[in-house]
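One structure is given here, and the rest of the page talks about it.
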Amino acid sequence: MKAKVKMKGYIEINQESCKGCQICFYFCPKSSISDSGSINSSGYFSACFSDNSECNACGICAIVCPEAAIEVYRE
Amino acid sequence: MTIKTVYKRPKLLKERLFHYCPGCGHSVIHKLLCEVIDEMNLKERIVCIPPPGCSVFAYNYLDIDMAESAHGRGAAVATGIKRVSPETIVFTYQGDGDLSAIGTAETIHAANREEKITAIFVNNAVYGMTGGQMAPTTMIGQKTTTSPYGREVNKEGYPLKMSEILSVVEGTVYIERTAVNSPKNIKKTKKAISKAFQVQIDNLGFSMVEILSPCPTNWKMSPIESWHWVDKEMVKEFPLGVIKDRIKVKKC
């Protein structure tokens, strides 16, 4: 049986605003954000949040996101 | 379990896509301006003077009053608005081609007259919108479309340091140079912007925040490379920090 990952926080990425600059990938201390592999309507490869991550809602991704596409929530 | 919002899209940022390139510093600065204006509750009394350049469409994104100016004339237009209505908080949003090339005279004289305005000076070392030509702030040796072999000192001179130039002008009260290339620097920039606005609210004099901003497209780099390049190259030529702070002296 798979052990449950205790999540303390999560983010929501607006796929349509994302321009795939990958700056959040670099700055995320938990490496929780990766390429979604799908193209949005503007033609960019958007970012996606991995569900099994150890996100603690530090908010760094949202601070650096140039498109204001990320919103951060803490449980 | 309650869910707490840690970060939400700023209220004053309109719900539309930025036209800026991926990794551009302009949109980060727009975001910071929205946050600061919202936190200081200035929405009803603030006027922005956007420049010609990439950020010419700033009125599409910021939900505040705007008055477009001709190239370089931001400080002059801001002077007019501030003198007609002294209660208004006026700030210019200018690039390096705008403030440090065509608008040098307007900016220096507005500062010297101690106009109670704020300048947000976005320095990305090139003319961004027109295709990456050399600006007065271009680094020595930097390749641009008009300096294909790199900027040479004996032909094109040295990068112009506007913050240092303005710091010797009597009328300036607060000048700080920051960058938007890391979470730490972005937070510092936000503080600097709110301090500069506070100088104007207290009616002390001219304040300016110079922001080193990445331009991935014209520097021919990936977004993350350009964010590192600010630290590696630009900060050596344009050191970060508070360059002039006369707030305490003026308040006495």
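Could you check segment B:27-42 and list, in sequence order, the residues that are more than 8 Å from every other protein chain (Cβ to nearest Cβ) and either under 28 Å from B:E225 (Cα atoms) or surrounded by 15 or more Cβ atoms within 10 Å (Cβ to Cβ) (or both)? It would help to see each step written out before you state the result.
From segment B:27-42, those more than 8 Å from every other protein chain (Cβ to nearest Cβ) are B:29-30, B:32-42; that's our starting set.
Hits for segment B:27-42 are B:I29, B:H30, B:L32, B:L33, B:C34, B:E35, B:V36, B:I37, B:D38, B:M40, B:L42.
Would you say A:Y10 is of a type in the set (S, T, Y), surrounded by 12 or more Cβ atoms within 10 Å (Cβ to Cβ), more than 8 Å from chain B (Cβ to nearest Cβ) and under 20 Å from B:P183 (Cβ atoms)? Spell out how you get there, then give the answer.
Details: of a type in the set (S, T, Y): yes; surrounded by 12 or more Cβ atoms within 10 Å (Cβ to Cβ): yes; more than 8 Å from chain B (Cβ to nearest Cβ): yes; under 20 Å from B:P183 (Cβ atoms): yes.
Here the answer is yes, as A:Y10 does meet what is asked.
Looking only at segment B:93-108, filter to residues that are part of a helix (DSSP H, G or I) and in contact with a strand residue (DSSP E or B) (Cβ under 9 Å, 6 or more places away or on another chain); which one of those is nearest to B:V122 (Cα to Cα)?
First, the residues of segment B:93-108 that are part of a helix (DSSP H, G or I): B:96-102, B:104-108.
Now drop any that are not in contact with a strand residue (DSSP E or B) (Cβ under 9 Å, 6 or more places away or on another chain), which leaves B:96-101, B:107.
Working: B:D96: 6, B:G97: 9, B:D98: 9, B:L99: 9, B:S100: 10, B:A101: 13, B:T107: 14 Å.
Only one residue fits best here, namely B:D96.
Could you figure out which of (1) touching a residue at least 40 places away in the same chain (Cβ under 8 Å); (2) of a type in the set (A, V, I, L, M, F, W, C); (3) farther than 23 Å from B:Y20 by Cα isn't true of B:V209?
(3)
Tell me, yes or no, whether segment A:35-46 has at least one residue that is surrounded by 14 or more Cβ atoms within 10 Å (Cβ to Cβ), among the aromatic types (F, W, Y) and either part of a loop (DSSP other than H, G, I, E, B) or in contact (Cβ under 8 Å) with a residue 60 or more places away in the chain (or both).
For segment A:35-46, residues surrounded by 14 or more Cβ atoms within 10 Å (Cβ to Cβ), among the aromatic types (F, W, Y) and either part of a loop (DSSP other than H, G, I, E, B) or in contact (Cβ under 8 Å) with a residue 60 or more places away in the chain (or both): present.
To keep it simple, each residue is scored yes or no on (1) in contact (Cβ under 8 Å) with a residue 12 or more places away in the chain; (2) touching a Ser or Thr at 6+ places or on another chain (Cβ under 8 Å); (3) away from every other protein chain (no Cβ under 14 Å); (4) surrounded by 18 or more Cβ atoms within 10 Å (Cβ to Cβ).
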| site | (1), (2), (3), (4) |
| --- | --- |
| B:I3 | no, no, no, no |
| B:Y7 | no, no, no, yes |
| B:K14 | yes, no, no, no |
| B:H19 | yes, no, no, no |
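Which of the residues that make up segment B:71-114 are under 17 Å from the mean Cα position of the chain (by Cα) and among the aliphatic types (A, V, I, L, M)?
The initial filter retains those residues of segment B:71-114 that are under 17 Å from the mean Cα position of the chain (by Cα), namely B:71-78, B:89-104, B:106-108, B:110-111.
Residues satisfying the conditions are B:A75, B:A76, B:V77, B:A78, B:I89, B:V90, B:L99, B:A101, B:I102, B:I108, B:A110, B:A111.
Restricting the search to segment A:47-75, which residues are part of a strand (DSSP E or B), more than 23 Å from B:M221 (Cβ to Cβ) and touching a residue at least 40 places away in the same chain (Cβ under 8 Å)?
Pass one, segment A:47-75, residues part of a strand (DSSP E or B): A:47-49, A:70-74.
Those left that are additionally more than 23 Å from B:M221 (Cβ to Cβ): A:48-49, A:71-74.
Scanning segment A:47-75 gives A:E71, A:V72, A:Y73, A:R74.
Filter segment B:170-212 down to residues that are more than 12 Å from the chain's Cα centre (by Cα) and outside any loop (DSSP other than H, G, I, E, B), then give me how many there are. Outline the logic, then answer.
Step one: filter segment B:170-212 for residues more than 12 Å from the chain's Cα centre (by Cα), giving B:170-174, B:181-188, B:191, B:194-195, B:197-206.
Of the ones still in play, those that are also outside any loop (DSSP other than H, G, I, E, B) are B:172-174, B:183-188, B:191, B:194-195, B:197-201, B:206.
Qualifying residue count, segment B:170-212: 18.
Just one of A:E71, A:E16, A:E54 is within 10 Å of the chain's Cα centre (by Cα) and either modelled with pLDDT of 90 or more or over 20 Å from B:H30 (Cβ atoms) (or both); which is it?
Values: A:E16 fails: within 10 Å of the chain's Cα centre (by Cα); A:E54 fails: within 10 Å of the chain's Cα centre (by Cα).
Answer to the check: A:E71.
Which of the following residues is within 14 Å of chain B (Cβ to nearest Cβ) and within 12 Å of the chain's Cα centre (by Cα): A:S36, A:S46, A:S42?
Testing whether each residue is within 14 Å of chain B (Cβ to nearest Cβ) and within 12 Å of the chain's Cα centre (by Cα) leaves just A:S46.
Here is a list of conditions, (1) in contact with a Phe, Trp or Tyr (Cβ under 7 Å, 6 or more places away or on another chain); (2) surrounded by fewer than 21 Cβ atoms within 10 Å (Cβ to Cβ); (3) in contact (Cβ under 8 Å) with a residue 12 or more places away in the chain, and B:V199 meets all of them except one; can you say which number that is?
Unmet condition: (2).
The values are calculated or read from the model by the stated rules, or taken from the named source; none is laboratory data. The structure displayed is predicted, hence computed values, not measured ones. All Cβ positions, glycine included, derive from the backbone under ideal geometry; neighbour counts span all protein chains shown.
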